[in-house]
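Structure first, commentary second.
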Amino acid sequence: MTVLVFCIVFIFFGFSSQAQNLTCNSNDFNSLRTFVEHLESVVDGWDFSSSSPTCCNWPGITCNSINSSRVIKLELGQKRLVGNISESLGNLDQLRTLNLSHNYLRGSIPHSLLHLPNLEILDLSHNDISGWFPNSINLPSIRVVNISENLIMGPVLVGICRNSTKIRVLNMADNSFSGILAMGLGDCTLLEELNLATNFISGVLPEDLFQLINLKKLDFQENQFSGHLSRLIGNLSNLVHVDLSLNNLSGNIPNVFDRFVQLMYFSAQSNNFTGKIPITLANSPTIVSLSLRNNSLSGTIDLNCTAMVNLVSLNLATNQFHGNIPENLPTCTRLRTINFARINFSGQVPESFKNFQSLSYISLSNSSVSNLGVALEILQHCRNLTTVVLTLNFRDERMPSYPSLEFIGLKTLVIANCRLTGHIPQWLSGCRNLQLLDLSWNRLEGSIPPWFGNLSSLFYLDLSNNSFTGEIPKELTEMQSLINGNVSMEEPSPDFPLFVRRNQSGFKYRQNVNFPPTLELGNNFLTGPIWPEFGNLRELHVLDLKFNNLSGPIPSSLSRMTSLETLDLSFNNLNGTIPSSLSNLSFLSNFNVAHNELSGAIPIGGQFPTFSNSSFEGNPGLCGDHGPRPCPRLRNVPRLSADRSNRRRGITIAIGVGIGLGTIILLAVVYFTIVCLCPRKVVDRESEDALTTEKDLVDVSSLVILCSNEDGNEEIFLDDLLKATNNFDQSNIIGCGGFGLVYKAILSDGRKVAIKRLTGEYFQMEREFQAEIETLSRAQHPNLVQLQGYCKYKSDRLLIYTYMENGSLDYWLHEKIDGPTSLDWETRLQIAKGAARGLAYLHQSCEPHILHRDIKSSNILLNEKFEAHLADFGLARLIFPYDTHVTTDLVGTLGYIPPEYSQASVATYKGDIYSFGVVLLELLTGKRPMDMCRPKGCRDLIAWVTQMKREKRETEVFDPFVYDKQYSGEMLAVLEIARLCLNENPRMRPCTQQLVSWLDNIDSTSTFQPS
């Protein structure tokens, strides 16, 4: 027995040792070497230098047996591989699994990969592969093909199964396939999953699709399919998941759902379906989630809840149903989410809903429901109810005040825009779990109850546009969720939006977790002070108190609200000064104190230079750059108080006399020393000029130095600039930034120019002034703003530029109400190309080269043709061609600063590339780099886009004003370019010349090769 055990152990260790030292088949080894040679990155753990390579032990490689040592699995997913896929992989003729997913591979799919006789799994998803899918395929063993999340174009290769009859999974989603889906996929008789979502495929669904009787998942969403949905779909009796949403399908939904014995998920939202809900669908015992939102379905909603025992989510919003809300829904014992928004119901919430114990989320927004009192009295019995949205119903009814109402688990309640009368009911004080309450746009009156301060989870309170009176309860300053932010928010169903009233960009629908911590009390009749204790609300993002009758000063303690992004105190009776401490609010992006009784100087620090003049208008007592007049300079030293001056007068006189006599004696000694000891010399005229330049600066520097005067323009003096700007009147301000204001001016010869008047700390202002002159006097390019001249007069520093008719890109994307709609995709792409050319000139053509260091959308100016011009070189640094970086202090703008700048005070070309990548995201999404109105996890645009791409939802990040299937390919390509620019590793970012090439050839670009 002992001998047997010894033998077994010996054999085991012998085989193990042999396996550990297994050498590669030479053919496989050479194929892998060539594969790596085509990459621009390394494969960690692979070493080709060994005399007897043991590739079977390398990461990602599996060999079939000890004897043959042939590679059967190559699994390199998420290895950050960059480059092209080599044809040499086609020589791995024993390969069964090839997984290169989630990398940065590009180019086309090698033909050799599609002729591997033993390949069973091919996963090339989540890469940048482009070109057409090869026509010739012979994969007799293949079971899984996943090429999703790439840039592959052309028609769908419907003949893929002619020589590959074993395919069970075919995933071609999120590419650029186009054209009509032809017959041929019916040959894939073993197919279980077919995903063609998010492409450009059109036409009717071919009938041979309905021969795939083994199909379990059919995902065709977001294409251009049209025509009727054939009854033959009933042949696919094994379907579990069907998504046909976001197409152009029409006609009736076929009544064949009794043939689906496993169907759990069915979505046909956003099509043109008409008619009633099919009877067999309304009786399906397997359906878990049903979404038919945004169609033209009609009739009454008749669901057989006795049969629909598994239904959890029901979304029928935005259809043409009529009649009453179905009374039998509570008998759907698992139904948790109902969205009946924008359905023209009649009547009220059914009495039977008292027994709706499974219900958690319900939206009846804009559904013509009446009798709010009955609705609330019934819904309170739904013990699992957490979210109720009843907006745009119950017109002119009275807010019910029944003391018996009780909503123990309620977290979200929206009863907005209903023109309700009455008061805020006492029963709301019992909603201890309430997180979001919106009662805006009603006609409620009376005082705001103090018990809101006791609702420890309440982080969003909107009582705006009502008729409330009295003081703001001081208890609101004790709301714990706005002090410490400890609120646990449950993510609702993704198919359950909350309705938000109209704003500048239209109606918005947002999830609960997307609401910023807010107190909206504007447009009421509130009186009294703004409590200093509001400063305790460190987690508050929005404080809106506009259009009330509030009085007293603005408390300086508001500066402790460190998360504040919006502060609107306009149209009140506030007096005193604007506290300078508010300049410490780093995230404050919207500030308005217009039409009050404020006086004194407007703060100039922090975010204040970025606020518009309209934020301060209607306060005659204010002064400063944004005020109606400049602030007067101090003429006299303030007098000490009488009691202190009397005590110190004698000491002051004595000290003054002593210092005066001492100074006179010292000056006399110095004078005679110089006269006696210094030899006389002949004055050099050139040296004299140099010396008198500084002494007479006040006299000669009022002349404007013109950088280029080739047209023979007359000399310009400071007086000319004062006249052209009406003494720098605020009505001529066209821009503002961290270094000063920009004014529009029309010179005497008719030229339009923009004049930047620098402000701020002297040395910083002087550095900005010198950097602009030094940079723009060297750099001349069609995509750089042209410096026309400059003027240095006393403490004033003026820079004169060519006037840009259309202002900044930031203004069009984020400020102008109709700006995003005016910038179509072609214009945005043209702007990106121009900005890239300007940056490439700075980095590579200008001598010495220039680092901009502050690339952002507000520094990209647009002329009358929307051609891009880089501007604002106040942070720029010259860099010679043989240098790669400059040592500097950390500068830039939040949201655009590269991550490496926070680790070392070094600026590089690749830092500008990173900032440019952020601008590309702005052009694609229409969003700011740092959007403080989003939840903490989504405020960073880069992180949000990355997360959406990870979830295969990148098309959802595109600005809806420009996103169109016609440009989807280009937008996805630009998104990919942006991703490369934003690589955390600076060395992996492209150079500017590559950016220019990629953007100029975006239609034909198939490969991105960052150097």
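Here are some notes:
- Set ILE378, ILE424, ILE408: member being surrounded by 15 or more Cβ atoms within 10 Å (Cβ to Cβ) and part of a loop (DSSP other than H, G, I, E, B): ILE424
- Listed by first and then second residue, the pairs with beta-carbon distance under 6 Å, at least 6 apart or on different chains, first residue in the range 145-169 and among the hydroxyl-bearing types (Ser, Thr, Tyr), second crowded, with 19+ Cβ neighbours inside 10 Å and at pLDDT 90 or above, are SER148/SER125; SER148/ASN171; SER148/ALA173; SER148/ASP174; SER164/LEU139; SER164/ILE142.
- Test: LEU151 is touching a helix residue (DSSP H, G or I) at 6+ places or on another chain (Cβ under 9 Å) and surrounded by 23 or more Cβ atoms within 10 Å (Cβ to Cβ): no
- Test: residue in the range 140-148 that is closer than 18 Å to GLY969 by Cβ and at pLDDT below 90: no
- Across the range 65-92, the number of residues qualifying as part of a loop (DSSP other than H, G, I, E, B) and either of a type in the set (A, V, I, L, M, F, W, C) or buried (at least 16 other Cβ atoms within 10 Å of the Cβ) (or both) comes to 9.
- Hits in the range 981-995 - residues which are part of a helix (DSSP H, G or I) and buried (at least 22 other Cβ atoms within 10 Å of the Cβ): CYS981, THR992, LEU995
- Some residue of the range 762-771 being at pLDDT 80 or above, surrounded by fewer than 18 Cβ atoms within 10 Å (Cβ to Cβ) and either basic (Lys, Arg) or part of a strand (DSSP E or B) (or both): no
- Residue in the range 957-1008 that is farthest from ALA868 (Cα to Cα), counting only those that are at pLDDT below 80 and polar (S, T, N, Q): ASN985
- Hits in the range 197-230 - residues which are charged (D, E, K, R) and either in a loop (DSSP other than H, G, I, E, B) or at pLDDT below 95 (or both): GLU207, ASP208, LYS216, GLU222
- Listed by first and then second residue, the pairs linking a residue in the range 529-548 that is on the phi > 0 side of the Ramachandran plot to a residue that is surrounded by 22 or more Cβ atoms within 10 Å (Cβ to Cβ) and assigned to a loop (DSSP other than H, G, I, E, B), with Cβ atoms under 8 Å apart and 6 or more places separating them unless they lie on different chains, are PHE547/GLY522; PHE547/ASN524; PHE547/SER570; PHE547/ASN572.
- Look at (1) farther than 30 Å from GLU956 by Cα; (2) modelled with pLDDT of 95 or more and you find that SER136 fails only one, number (2).
- Scanning the range 34-53 for residues that are surrounded by fewer than 17 Cβ atoms within 10 Å (Cβ to Cβ) and farther than 16 Å from ASN103 by Cα yields THR34, GLU37, GLY45, ASP47, PHE48, SER49, SER50, SER51, SER52.
- Selected residue (criterion: surrounded by the most Cβ atoms within 10 Å (Cβ to Cβ)) from residues of the range 297-324 that are of a type in the set (Gly, Ala, Ser) and over 21 Å from ALA375 (Cβ atoms): SER313
The values are calculated or read from the model by the stated rules, or taken from the named source; none is laboratory data. Bear in mind that the values here come from a model prediction, so they are computed numbers and not experimental data. No Cβ is skipped: glycine too gets one built from the backbone with ideal geometry, and neighbour counts run over all protein chains shown.
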